[in-house]
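The values are calculated or read from the model by the stated rules, or taken from the named source; none is laboratory data. All values reported here derive from a predicted model rather than from experimental measurement. For neighbour counting, all protein chains shown are included, and Cβ atoms are generated from backbone atoms with ideal geometry for every residue, glycine included.
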Amino acid sequence: MGRLSHHSKSKVGRRRSQLTLKKPSLSVCPQCKGPTFPHRACPQCGAYVKVSKKKAVNKASKDKA
Ligand SMILES: [Zn+2]
């Protein structure tokens, strides 16, 4: 058998510290204010996020004499 490659307790612990499941990142629905997944339609109301990067462009406010 021989000596297999030895892992110290700290090295095993460091590896196993990566085995945990991370929390899924949630965003907030702009319509029903419920938790939704980003880049997905809302499971409650079915709304898809399009509002966040809206540019406010005012073209009609210029009047030249
Ligand atoms: Zn919603």
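Scanning the stretch 2-15 for residues that are surrounded by 10 or more Cβ atoms within 10 Å (Cβ to Cβ) and either modelled with pLDDT under 85 or of a type in the set (A, V, I, L, M, F, W, C) (or both) turns up just one, Val12. Against the test of being modelled with pLDDT of 85 or more, polar (S, T, N, Q), within 13 Å of the ligand (Cβ to nearest atom) and not in a helix (DSSP H, G or I), the options Gln18, Gln31 yield a single qualifying residue, Gln31.
Assessment of the stretch 36-58 against the conditions (within 9 Å of the ligand (Cβ to nearest atom), modelled with pLDDT of 85 or more, assigned to a strand (DSSP E or B) and surrounded by 10 or more Cβ atoms within 10 Å (Cβ to Cβ)) yields at least one matching residue.
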